[in-house]
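Participant: Could you have a look at this structure, given as structure tokens, before my questions?
The values are calculated or read from the model by the stated rules, or taken from the named source; none is laboratory data. The model shown is predicted, which means the values in this text are computed figures rather than measured ones. Positions of Cβ are generated from backbone atoms using ideal geometry, with glycine treated the same way; all protein chains shown enter the neighbour counts. Ligands, DNA and RNA are excluded from the accessible area calculation, which covers all protein heavy atoms including side chains. Shrake-Rupley method; radii C 1.70, N 1.55, O 1.52, S 1.80 Å.
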Amino acid sequence: MATMNVSLPDPMRDWIEAQIKTGRYANASDYMRDLIRRDQELKEVLIEALEIGAASGVSRRTLDDAWKSAKARAKKHG
């Protein structure tokens, strides 16, 4: 396994240490690996969403209609 040294401002270091104290992470490396995995997963989800959107064709709805629809869905699920 490779080793990297990362410089962080004190507030970020304190945040990582607080996350470790919760018991969810064994150490800073464990926390960083989790962040990287989440970032990788998010990128895959976003790429898939963009591909689905591109394949769906051009919408006849106005931008305002699309925003209203998105806001209504968000309210319903949030």
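Participant: Using a 1.4 Å probe on the protein heavy atoms, what percent of the accessible area of the chain belongs to carbon and sulfur?
Facilitator: Carbon and sulfur: 58 percent of the exposed surface of the chain.
Participant: So, in nm, how far is label Ile52 from label Asn5 when the simple model puts each one 7 Å beyond its Cα toward the Cβ?
Facilitator: Modelled inter-label distance: 4.5 nm.
Participant: Run the 1.4 Å probe and let me know the accessible area of Ile36, rounded to the nearest 10 Å².
Facilitator: The accessible area comes out at roughly 90 Å².
Participant: With axes computed from alpha carbons, what is the tilt in degrees of helix 63-77 against the longest principal axis of the chain, rounded to the nearest 10 within 0 to 90?
Facilitator: Tilt relative to the chain: about 60 degrees.
Participant: Also: Obtain the nm distance between the two label points defined at Arg24 and Glu41 by a simple spin-label model: each point lies 7 Å from its Cα along the Cα-to-C-beta direction.
Facilitator: The two pseudo-label positions are separated by 1.2 nm.
Participant: Measuring with a 1.4 Å probe in the full set of protein chains, what accessible area per residue, in whole Å², belongs to the chain?
Facilitator: Details: 7400 Å² over 78 residues.
Here the residues of the chain average 95 Å² of exposed surface.
Participant: Now a separate question. In Å and on Cα atoms, what radius of gyration and Dmax does the range 21-66 show?
Facilitator: 18.1, 52
Participant: Identify which of the listed values of semi-axes √(5λ) of the Cα gyration tensor in Å was calculated from the structure shown: (i) 19, 18, 10; (ii) 21, 18, 10; (iii) 39, 17, 11.
Facilitator: Given (i) 19, 18, 10; (ii) 21, 18, 10; (iii) 39, 17, 11, the structure-derived one carries the label (iii).
Participant: Show me 56-65, 9-18 ranked by packing, highest mean number of other Cβ atoms within 10 Å first.
Facilitator: Listed from highest to lowest mean packing, they are 9-18, 56-65.
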